[in-house]
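Trainee: Got a structure for you, questions after.
The values are calculated or read from the model by the stated rules, or taken from the named source; none is laboratory data. Computed from a predicted model, the values in this text were never measured in an experiment. Reconstructed Cβ throughout: ideal geometry from the backbone, glycine too, with neighbour counts over all protein chains shown. Areas reflect the complete protein model, heavy atoms only, side chains present, ligands, DNA and RNA absent. Shrake-Rupley method; radii C 1.70, N 1.55, O 1.52, S 1.80 Å.
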Amino acid sequence: MASPGAPAPSPELPKRNFEYREVQYWDQRYRGAADSAHYEWFGNFSSFRALLEPELRPKDRILVLGCGNSALSYELFLRGFPDVTSVDYSSVVVAAMRARYAHLPRLRWETMDARALGFPDGSFDVVLEKGTLDALLAGEQDPWTVSSEGVHTVDQVLCEVSRVLVPGGRFVSMTSAAPHFRTRHYAQARYGWSLRHATYGTGFHFYLYLMHKGGELSETQLALGAQLLSPTRPPPSPCFLQDSDHEDFLSAIQL
């Protein structure tokens with residue numbers, strides 16, 4: 001097994017960004033993940049810990065969507081949040097993570113698509129995702145005008161998140177997508193939550209969106225949500241990427 005401090009080797013990149021949406025790509029990428037270094041999208045735990053931990057309680061039932069081979073679930077366990085279920089639609093990485101953490105039976109790993117979760121309503125106090133929505137939106141040609149397929153895909157995930165959260169539950173989404181792109185997806189009244197965000201990271205900033213189920217959206221947020229299928233198209237703006245992240249789909253995920 002790779003040592004915790006070892007740098008992650010550069011992963012094999014897909015030929016086209018839309019392949020980040022396909023389970024076949026991830027199955028291939030994660031072969032050998034049980035013995036490889038963790039790969040972290042949008043920062044490691046220490047970079048957003050100060051924002052995340054105040055929203056968590058030791059007895060929370062936590063669901064991590066699209067876990068990949070991130071150390072997030074393990075880091076939560078180490079910091080006193082032992083009830084963590086992690087899902088990914090790649091059976092290859094789920095098997096690898098089960099093997100990697102077989103000595104920690106309280107960490108559970110399941111093969112599951114975030115668009116159709118196999119859990120009863122109200123199963124979790126907290127749902128976390130870090131880069132999963134970004135991967136599902138990879139390949140979109142225009143960050144200001146998301147395709148109907150892209151809108152539907154995100155809506156499927158968010159409806160499932162809302163369904164499996166208890167009243168008062170929290171949904172935390174970490175991404176590189178700025179509020180003028182991502183707020184409109186989250187700001188839909190049918191999800192039944194409030195919404196706020198913060199930035200984290202040094203140099204290039206990432207975003208942590210926090211939704212509380214049972215809260216309310218502001219009028220401004222609702223207005224943004226209403227524009228999702230008919231957004232106003234502003235002049236194009238430059239896209240700045242994090243120097244240390246060589247994943248090319250980052251150029252297409254500010255959605």
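Trainee: Look through the range 165-189, keep the residues that are small (Gly, Ala, Ser) and touching a residue at least 40 places away in the same chain (Cβ under 8 Å), and return whichever of them is surrounded by the most Cβ atoms within 10 Å (Cβ to Cβ).
Mentor: Result: Ser173.
Trainee: Here is a further query. Among the residues of the range 37-68, which ones are under 15 Å from Glu110 (Cβ atoms) and more than 13 Å from the chain's Cα centre (by Cα)?
Mentor: Arg61, Ile62
Trainee: Please determine whether any residue of the range 89-103 is hydrophobic (A, V, I, L, M, F, W, C), in contact with a helix residue (DSSP H, G or I) (Cβ under 7 Å, 6 or more places away or on another chain), at pLDDT below 95 and surrounded by fewer than 16 Cβ atoms within 10 Å (Cβ to Cβ).
Mentor: Checking the range 89-103: at least one residue is hydrophobic (A, V, I, L, M, F, W, C), in contact with a helix residue (DSSP H, G or I) (Cβ under 7 Å, 6 or more places away or on another chain), at pLDDT below 95 and surrounded by fewer than 16 Cβ atoms within 10 Å (Cβ to Cβ).
Trainee: Examine the range 144-154 for a residue that is out of contact with any Phe, Trp or Tyr (no Cβ under 8 Å at 6 or more places or on another chain) and under 25 Å from Phe48 (Cα atoms), and state whether such a residue exists.
Mentor: yes
Trainee: Next question. Pairs under 8 Å by beta carbon, first residue farther than 14 Å from Asn44 by Cα and in a strand (DSSP E or B) in the range 196-210, partner open to solvent by less than 40 Å² (accessible area, probe 1.4 Å) and of a type in the set (Asp, Glu), six or more apart or different chains?
Mentor: From residues that are farther than 14 Å from Asn44 by Cα and in a strand (DSSP E or B), the pairs are Leu210/Glu55.
Trainee: Right, another one. Looking only at residues that are β-branched (Val, Ile, Thr) and under 15 Å from the mean Cα position of the chain (by Cα) in the range 85-98, which one is nearest to Trp41 (Cα to Cα)?
Mentor: Val87
Trainee: Here's something else I'd like to know. Please state which of the following conditions Val23 fails to meet, knowing it meets all the rest: (1) in contact with a helix residue (DSSP H, G or I) (Cβ under 7 Å, 6 or more places away or on another chain); (2) at pLDDT below 95; (3) under 17 Å from Val92 (Cα atoms); (4) among the hydrophobic types (A, V, I, L, M, F, W, C).
Mentor: Val23 satisfies every listed condition except (1).
Trainee: Taking Gly215 and the conditions (1) in contact with a helix residue (DSSP H, G or I) (Cβ under 8 Å, 6 or more places away or on another chain); (2) free of Cβ contacts under 8 Å to residues at least 40 places away in the same chain; (3) in a loop (DSSP other than H, G, I, E, B), which numbered condition does it fall short on, given that it satisfies the others?
Mentor: Condition not satisfied by Gly215: (1).
A quick yes/no check of all residues on (1) under 19 Å from Val64 (Cβ atoms); (2) modelled with pLDDT under 95; (3) more than 14 Å from the chain's Cα centre (by Cα); (4) assigned to a loop (DSSP other than H, G, I, E, B):
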| position | (1), (2), (3), (4) |
| --- | --- |
| Glu140 | no, yes, yes, yes |
| Glu149 | no, yes, yes, no |
| Val157 | yes, no, no, no |
| Arg170 | yes, no, no, no |
| His180 | no, yes, yes, no |
| His185 | no, no, no, no |
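Trainee: Can you find even one residue in the range 121-133 that is acidic (Asp, Glu), within 22 Å of Val166 (Cβ to Cβ), open to solvent by 20 Å² or more (accessible area, probe 1.4 Å) and modelled with pLDDT of 95 or more?
Mentor: yes
Trainee: Also, I was wondering about something else. Specify which of the listed residues (Leu195, Leu224, Leu208) is open to solvent by 50 Å² or more (accessible area, probe 1.4 Å), touching a helix residue (DSSP H, G or I) at 6+ places or on another chain (Cβ under 6 Å) and more than 21 Å from Met112 (Cβ to Cβ).
Mentor: Criteria check complete, one pass: Leu224.
Trainee: Let me ask another. Residue under question is Ser162, and the condition is that it be over 17 Å from the mean Cα position of the chain (by Cα), hydroxyl-bearing (Ser, Thr, Tyr) and surrounded by fewer than 22 Cβ atoms within 10 Å (Cβ to Cβ); does it hold?
Mentor: no
Trainee: Here is a further query. How many residues does the range 114-137 contain that are of a type in the set (Gly, Ala, Ser) and under 13 Å from the mean Cα position of the chain (by Cα)?
Mentor: So the answer is 3.
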